[in-house]
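Q: First, the structure itself, so that you have it in front of you.
The values are calculated or read from the model by the stated rules, or taken from the named source; none is laboratory data. Predicted model, so just to flag it, every value in this text is computed and none were measured. Here Cβ is always computed from backbone atoms with ideal geometry, including for glycine, and neighbour counts include all displayed protein chains.
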Amino acid sequence: MTNEKETTAAASGNTGWLRGEGLSRRAFNGILIAGAVAALMPGFIPVEARAQALAAGTAQKIADHFSSVKTMQGEFVQFGPRGEQTGGKFYIQRPGKLRFNYDEPSPMRVIADGKSVVIGNQKLKTWDTYPLSKTPLSLLLADTIDLSADMVRKVKEDPDLTTIVLGNKTIFGDSLITMMFDTKTYDLRQWTITDNQGKETSVIIMNVQTGMSFDDRVFRMPETATKNR
């Protein structure tokens, strides 16, 4: 399905989301926009204490549906913190596997093999490797998503989209991940990573297909990247 010459992963200059204390001082690389950004504006009201249990219950139902989808693929458009835009194709297999193939001219690619995440620059022939557990991808790619441990910061239900803002210092440091789901189908539509400096990277996904099988090579790390683990 893919080969080593395909460009995968975050747009050039926008992969810092994995650097630093589990997350970058920049925003997710570089995996889903305008709506997610709007959801973080002042009009987005935090869940009140008396409604927190109900909101968390709604969030968990959506998370259960999302985690029940074991394989998916589709197209994405990514918006970086400086307004830069890139696109490409993505592949996900639970638990823990992901691949971003970025359209040219981006030289970057991202692969998660279940244990680590590698960000590669094919032009410079460099690869940076990070523990999957220290990135926001660990939540998106988990086999089962449990939102019971005070992870849900905000929930907003609209006719078309349900927005869930998650924060967990163990996983995200001082950053947040905002996930937007179709209110009726519970399908993931987009996500935004906001780092501790308030910089955002958003990704919209589209033309999503589920239930397929992938060749093991799709999520295989380059040999030069595995040497750095």
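Q: Take Val118 and decide whether it is of a type in the set (A, V, I, L, M), surrounded by 22 or more Cβ atoms within 10 Å (Cβ to Cβ), out of contact with any helix residue (DSSP H, G or I) (no Cβ under 8 Å at 6 or more places or on another chain) and in a strand (DSSP E or B).
A: No.
Q: What is the number of the single condition among (1) closer than 27 Å to Gln60 by Cα; (2) part of a loop (DSSP other than H, G, I, E, B); (3) at pLDDT 85 or above; (4) touching a strand residue (DSSP E or B) at 6+ places or on another chain (Cβ under 9 Å) that Pro81 does not meet?
A: All conditions pass for Pro81, except number (1).
Q: Tell me the residue from Phe90, Phe66 that is modelled with pLDDT of 95 or more and either in contact with a Gly (Cβ under 7 Å, 6 or more places away or on another chain) or outside any strand (DSSP E or B) (or both), please.
A: Phe90
Q: Any residue in the stretch 198-221 that is at pLDDT below 85 and touching a Leu at 6+ places or on another chain (Cβ under 9 Å)?
A: Here is the first cut: in the stretch 198-221, the ones at pLDDT below 85 are none.
No, the stretch 198-221 contains no residue that is at pLDDT below 85 and touching a Leu at 6+ places or on another chain (Cβ under 9 Å).
Q: Take the stretch 171-196 and flag every residue that is at pLDDT 90 or above, under 14 Å from the mean Cα position of the chain (by Cα) and among the β-branched types (Val, Ile, Thr).
A: Thr178, Thr192
Q: I need the full set of residues from the stretch 123-157 which are surrounded by 18 or more Cβ atoms within 10 Å (Cβ to Cβ), polar (S, T, N, Q) and in a loop (DSSP other than H, G, I, E, B), in order please.
A: Thr135
Q: Of all the residues that make up the stretch 104-137, how many are of a type in the set (Ser, Thr, Tyr), under 17 Å from Arg94 (Cα atoms) and modelled with pLDDT of 85 or more?
A: Number of matching residues: 2.
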